[in-house]
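The values are calculated or read from the model by the stated rules, or taken from the named source; none is laboratory data. Because the structure is a prediction, the values reported are computed rather than measured. Glycine also receives a Cβ, built like all others from the backbone with ideal geometry; neighbour counts cover every protein chain displayed. Heavy atoms of the whole protein, side chains included, go into the accessibility calculation; ligands, DNA and RNA do not. Shrake-Rupley method; radii C 1.70, N 1.55, O 1.52, S 1.80 Å.
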Amino acid sequence: KCKTGPLDIVFVIDSSRSVRPFEFETMRRFMIDIIGSLDVGPNATRVGVIQYSSQVQNIFSLKTFFKRADMEKAINNIVPLAQGTMTGLAIQYAMNVAFSTAEGARPPHKKIPRIAIIVTDGRPQDRVSEVAAQARTAGIEIYAVGIQRADMSSLRAMASPPLEEHVFLVESFELIQQFGKQFQDKLCGADLCMERDHGCQHSCVSIPGSFYCECNPGYRLDTDGKTCSPIDACADGRHGCEHQCISAHGVYSCRCRAGYYLNQDKKTCTMIDYCSFGNHSCQHECVSVPNGHHCRCRSGFTLQADSKSCRANDLCNGVDHGCEFKCVSAEGSYHCICPEGQQLQADGKTCNKCGAGHVDLVMVIDGSKSVRPQNFELVKQFVNRIVDLLDVSPHGTQVGLVQYSSRVRTEFPLNKYATADEIKKAVMNVEYMEKGTMTGLALKHMVEHSFSELEGARPLSHNVPRIGLVFTDGRSQDDISEWARRAKESGIVMFAVGVGKAVEEELRAIASEPVEQHFSYSADFTTMTHLVENFKLNICPEEGKGEMEIRSPCECEALVQFQTNTVAILESLTERNILW
């Protein structure tokens, strides 16, 4: 075996039509014999084979095979091209492609000899001298082997100097195997690593007529060409480690600071969530920090000496609460209250002495098919006359409107309009729904949505009365008892107004106590005047705490006036209907 060190060898084989089949078999044998004498492997000698005629074909590249058996199998499977003899084209391909690092050639700084062995039997049909000179300048050592009819001048134009060592002419294909043994001696020389004191710190690599030193993985060769230094893989700053880069044996790894763990990308770090372990014992909130955690209290609370429990602050003493009468501290918050007979205003701080009965009023009107379009217009006019009596403003009375049939639709929520004119215009633009009578579904919608703070209802702590007025003309097609009960339990004062085929039992179930004061009935839409007679509203707000109920007489008087005005509106509507 040739033990002088690694080589990059590419066989350039002529397979033109002048090469007869049995002659090509001899060329196969020549290549296999040469390969058999080499120490092949990824870090030893690498071998590639190309064949050419009028075109060039890559059989296998320098990076394809590293075992002789695989190379021999590929050589035995070559099918000759059997065309012209474009030797110059083949040399060009070898220089630009076969000996490129992409195809497996070692980089020039490795100093691995690049050897091209050209085997041809005829005269080239293209120019070879110029491209061969370029290949030699590129560091490729060319051996030119001619057989039988080969042109000696062309062989000499291709080969590297000295020509007597690189040009061979074999008289017949039969003699090429004997020539192969002689050719091996040209490739193999003395192993200078064995014969000399090379001085390499790690390892010595022999090449024909010379040697060079090589370092182990993770080290680089120093400028003296003999000693080796560890490679700092972190030094170039391209490692991408978020916290720390650790270099070892020429490779790097990322490491996180204490209190963090390395993510799956092996570069970034995430803080350990110590709170997720579930053993922090914090009363309110646990906050993870590097190397541990600490407890934190919600707004309005103070962390105690045990660093875990929290106690509510007396916010009335610690903040400028702005309460006109009195501030009352609660857990984590505070609210203002007013003296007996006065109502807390929408700003949550001031009190009014005796206002015009500000309320949150939601009217739920029946838009089922039985109402009929002309009667629905009367209902809309009735709604607008009631609006005329109210002190509508964001801090006064708010009005919302809901229509229902087989489904429920919010025509406008409590916080939609700030003036009576805006509300009245919106009412007249309401479109009649028709279809069924799902009163229970409408009550559910009113409780869950219409009187929610999201749709403008003022908080219960403001003591603004909530009034629901349900207007229907027939039996409900669903159960109303559950949501009628829930409405009253949630503090909504419920009024039930029935017309035509409305069912008294259902109206009573909807109405608040005393029932007689909170439900009304009329035989038809044109005689609704007396419906207001039972509106003896008594919605003075609660001002105290616990079981104590405080009512504002002033407020009640305003409601009596509200009732009187409503009666007048209905009488006016009735007179108009008679005229129509």
With every protein chain kept in place and a 1.4 Å probe, the residues 210, 299 fall, from largest accessible area down, as 299, 210
In nm, what is the difference between 0.36 nm times the number of residues separating residue 406 and residue 317 and their Cα-Cα distance? 26.7 nm
Semi-axes of the equivalent ellipsoid for region 91-151, please: Cα gyration tensor eigenvalues, times 5, square-rooted, ordered largest first, whole Å. 24, 12, 10
At most 15 other Cβ atoms within 10 Å and a DSSP loop assignment: could you name the trypsin sites (Lys or Arg not before Pro) in region 1-78 that fit? 1, 3, 17, 63, 67
Can you list residues from other chains, or at least 5 along the same chain, whose modelled amide H is less than 5 Å from the amide H of residue 359? 397, 398
Before anything else, pin down the relative contact order of region 365-483: Cα pairs under 8 Å, at least 6 apart, normalised by residue count, whole percent. 32
Once normalised by the length of region 37-86, the mean sequence separation of its alpha carbon contacts under 8 Å that are 6 or more apart gives a contact order in percent of 37
For a Förster distance of 22 Å, can you work out the FRET efficiency between the beta-carbons of residue 82 and residue 130, rounded to the nearest 0.05? 0.20
For residue 425 and residue 232, extending 7 Å from Cα along the Cα-Cβ vector and measuring point to point gives, in nm, a value of 7.6
What FRET efficiency, computed as 1/(1 + (r/R0)^6) with R0 = 41 Å and r the Cβ-Cβ distance, is obtained for residue 391 and residue 296, rounded to the nearest 0.05? 0.35
Go through 369/444; 110/266; 416/501 and tell me which ones have a Cα-Cα distance over 23 Å in this structure. 110/266; 416/501
Near-label residues of region 141-155 by backbone N, under 11 Å of a point 7 Å along Cα→Cβ of residue 169: 146-155
The answer for residue 260, listing residues at least 5 apart or on another chain whose modeled amide H is closer than 5 Å to its amide H, is 272
Tell me which trypsin sites (Lys or Arg not before Pro) from region 193-251 have a DSSP coil assignment and no more than 10 other beta carbons within 10 Å of their own. 238
On a full-extension model of 0.36 nm per residue, what is the gain between residue 196 and residue 505, subtracting their alpha-carbon distance, rounded to one decimal in nm? 99.4 nm
Karplus-derived 3J(HN,Hα) from phi for region 259-276 (6.51 cos²θ - 1.76 cosθ + 1.60, θ = phi - 60°), whole Hz, x at Gly and Pro, runs x, 10, 10, 7, 6, 5, 6, 6, 10, 8, 10, 10, 5, 5, 8, 5, 5, 5
Looking at the square roots a ≥ b ≥ c of the eigenvalues of the Cα gyration tensor of region 359-539, which shape do they give, rounded for a/c under 1.5, prolate if a/b is larger than b/c, or oblate? rounded
Compute the length gained on full extension between residue 110 and residue 273: take 0.36 nm times their separation in residues and subtract their Cα-Cα distance, giving the result in nm to one decimal. 53.6 nm
Find the Cα radius of gyration of region 1-151, compare it with 2.2 N^0.38 Å by division, and give the number to two decimals. 0.97
What is the calculated FRET efficiency for residue 210 to residue 266, with r their C-beta to C-beta distance and R₀ = 35 Å, to the nearest 0.05? 0.25
Among GluC sites (Glu not before Pro) in region 368-446, those in a DSSP loop whose Cβ has at most 10 other Cβ atoms within 10 Å are 431
Virtual spin-label span in nm between residue 418 and residue 243, 7 Å along Cα→Cβ: 5.5
Log entry: pair-distance distribution for region 211-307, C-alpha pairs binned every 10 Å from zero, whole % per bin is 14, 26, 20, 16, 12, 7, 5, 1, 0
